[in-house]
Each structure stands twice: as structure tokens, then as C-alpha cells.
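Input: a single structure, listed below in C-alpha cells.
The values are calculated or read from the model by the stated rules, or taken from the named source; none is laboratory data. In this text the structure is predicted, and so the values were computed from the model without any measurement. A quick note on method: Cβ atoms are made from the backbone with ideal geometry, for glycine too, and the neighbour counts reach across all protein chains shown. Calculation scope for accessible area: heavy atoms of the full protein, side chains included, ligands and nucleic acids excluded. Shrake-Rupley method; radii C 1.70, N 1.55, O 1.52, S 1.80 Å.
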Amino acid sequence: MSASGGTKAIVAALGANLAIAVAKFVAFLFSGSSSMLAESVHSLADSGNQGLLLLGGKKAQREATPQHPFGYGRERYVYAFLVSIVLFSVGGMFAVYEGYEKIKHPHQIDAWYWPVGVLVFAIVAEGFSFRTAIKESNETRGSLSWSQFIRRAKAPELPVVLLEDFGALIGLVLALGGVGLALLTDDGVWDGVGTLCIGVLLILIALILAVETKSLLLGEAAGTEEVEKIRTAIVDGDTVTSVIHMRTLHLGPEELLIAAKIAVQHDDTAAEVAHAINAAEARVREAVPIARVIYLEPDIYSAAEAAAGPDPAATPGGTGH
């Protein structure tokens with residue numbers, strides 16, 4: 001996985017979640033707190049999610065094959081989508097069920113110092129993981145706001161880890177609140193309420209992740225800035241006079257497919273056009289290094305056809321005329 005995939009953030013989150021999951025489960029065994037049980041399952045699910053992200057990054061590195069000529073870059077999107085499903089089912093739905101059962105059949109929390117101590121430890125560990133994810137994200141986020149970064153990022157790993165860690169921190173605060181109120185009021189219902197809130201939070205985060213990763217799976221175009229760089233790089237003002245129309249598609253977070261119809265001079269020779277296309281491809285790859293697959297089709301410029309865009313009825317590779 002490339003550096004932009006946030007491997008460091010994933011490993012930090014994995015280590016933190018495994019330690020926290022064990023600590024929470026031990027606290028549940030000693031205290032009987034349903035919030036602790038829900039949080040231990042949440043941390044265990046998060047650990048599995050980080051494992052899925054690492055696995056997806058590994059599988060995405062496979063070489064292209066005749067059956068998959070554009071490679072396996074989208075494996076990262078597939079595994080990120082699986083993470084949203086796991087978070088929804090194993091994390092969110094389990095917590096909702098456990099919270100409902102605890103509200104319906106409340107019981108007192110024993111050995112209160114176990115859940116409180118573990119929650120404080122977990123907040124510190126999750127805070128470290130969240131800090132690492134923020135630091136990694138800032139290296140690629142640029143001037144984007146956090147919401148824009150999560151919506152526009154083509155590499156799914158960092159948004160997933162950011163949302164998971166953010167959800168985990170909020171969930172820990174909810175769990176601490178539920179346990180604290182249960183101890184203060186001597187009413188175990190509050191422990192169930194905290195657990196129920198954790199479940200709702202996890203489901204909301206899972207839905208956000210599902211929507212964003214589904215968009216990546218369907219195929220997203222390059223960003224506005226990248227598209228402008230590509231257009232500028234293609235045109236040399238001599239042989240290639242303009243871009244008639246263009247389509248871009250992410251084959252993976254660091255792999256971009258570009259297909260464009262370009263306008264050339266009507267009296268250029270085939271050799272001149274071929275040389276201009278090769279030069280244009282080189283300029284595009286220099287301007288946008290992730291442009292891996294480039295198809296440029298030469299044509300004589302027509303204002304009417306440029307305005308109409310590509311002909312849906314045209315055969316692949318045809319002129320569209």
C-alpha cells in the first residue's frame with residue numbers, strides 16, 4: 001500500500017483496538033457492564049476492520065492479468081466497503097440489541113473501578129490512534145476541510161480510520177457517561193442507554209462509510225484540479241489544438257484512466273499526429289503522475305460535435321461520427 005493509503009495510521013489503530021478490546025472484555029467480566037461488552041465488541045470489530053484494510057491494500061498490489069487488464073486497485077474500495085458492513089452489523093446492531101436488553105432487564109454494575117479505569121485507558125489509547133490518523137491525513141488533505149477530505153479522498157483507508165477513531169472516542173465518552181450515571185443513580189438502565197447510544201452512533205458512521213465507498217466502487221472521476229492539469233498538458237498549441245471531450249476514471253486510489261478525443265490540424269501527417277500523441281501522454285504523466293492508462297483519439301475539431309459531447313451510440317474506439 002502506498003504512503004497515501006495511511007498504513008501507519010491503520011497499524012496504530014489496529015494495535016490500540018486490540019489492546020482496548022482485551023481490556024474492555026476483562027472489565028465486562030468483572031463488572032457485568034453492558035456498555036463494556038458493547039465497547040469490547042466494537043473494538044474487536046474495529047480491529048477486524050483494520051485487518052481488512054491491510055488485506056485490501058496487499059491484494060491491490062497484484063499485477064494486472066488478462067482477465068483484469070487494469071489491475072486490482074479497486075480491491076481497496078471493496079475491502080473499505082466490507083468495513084462499513086462489519087461496523088454496521090457487528091458493531092452497531094450488536095450494541096443496539098445489547099442496550100435494549102439492558103434497558104429491559106437492568107442490573108447493577110459490580111466492581112465499578114474496572115469499567116471506569118478501562119474507559120480512561122481506552123480514551124488515551126484511542127486518542128493516540130486518532131492523533132496518528134490526523135497527522136497522516138494532514139499530509140494529503142491540503143486546504144480541504146475535514147468533511148471535504150472524507151467526501152473527496154480517493155484512498156479510502158484514512159477516511160475509514162478517521163471516522164472509526166472519532167466514533168470510538170465519542171462511544172467511549174457515551175459509555176463512561178452511561179456507567180457514571182448508573183453508579184450515581186444506582187440504576188442500571190443508564191448503562192443500557194449508553195450502550196444504545198453507542199449502537200446508534202456506530203450505525204450512522206457505518207452508513208456514511210457505505211455511501212462514500214459505494215461511490216468509489218461505482219467509479220469516480222479525477223478531481224477538478226487534476227482534470228484541469230490534464231487538459232492543459234494535452235494541448236501543445238501546435239499539433240494538438242484542443243481537447244474536444246474527455247473522461248477520467250479512478251482504477252484505484254493511485255491509478256487514473258484517461259480517455260480523450262483531441263483536435264489536431266487537418267493537414268498533419270499520421271507520423272506527426274502519432275508523435276504529438278506520445279508527447280501529450282508524456283506531459284500528462286508528468287503533470288499527473290497517477291495517470292497510468294491514457295487513450296487519446298485524434299480528430300478534426302467540430303464546434304457542434306464538441307458541444308454535443310461523446311456519442312453514446314458510438315462503438316468503443318470509434319470516431320463517434
Nitroxide proxy distance, nm - points 7 Å out along Cα→Cβ at E286 and D110: 7.4
Solvent accessible area, Å² - D165, 1.4 Å probe, full protein context: 0
Computed FRET value (nearest 0.05) for D299 with S145, which takes r as the C-beta separation and R₀ as 35 Å: 0.30
Accessible area of the range 99-220 belonging to carbon and sulfur atoms, whole % at 1.4 Å probe: 68
In the range 58-140, the chymotrypsin sites (Phe, Trp or Tyr not before Pro) that fall in loop regions by DSSP, at most 15 other Cβ within 10 Å: F70
Cα long-axis angle, helix 75-86 against the chain (0 to 90 degrees, to the nearest 10): 30
Helix 34-59 vs. the chain, principal-axis angle (Cα, 0 to 90°, nearest 10): 20
Under-5 Å amide H pairs with L251, H placed in peptide plane, nonlocal only: L256, L257
Under 29 Å from K58, Cα to Cα: lysines that are on another chain or at least 8 residues apart: K8, K135, K154, K214
Estimated distance in nm for a label pair at R231 and V211, the labels positioned 7 Å out from Cα along Cα-to-Cβ: 2.9
Tilt relative to the chain, helix 113-141 - C-alpha long axis, 0 to 90 degrees, to 10: 10
Sparse-neighbourhood loop sites, GluC sites (Glu not before Pro) in the range 1-95 - DSSP loop, at most 12 other Cβ within 10 angstrom: E63
Spatial separation of Cα centroids for the range 124-143 and the range 175-209, in angstrom: 26
The chain - Rg (one decimal) and Dmax (whole number), Cα, Å: 25.7, 89
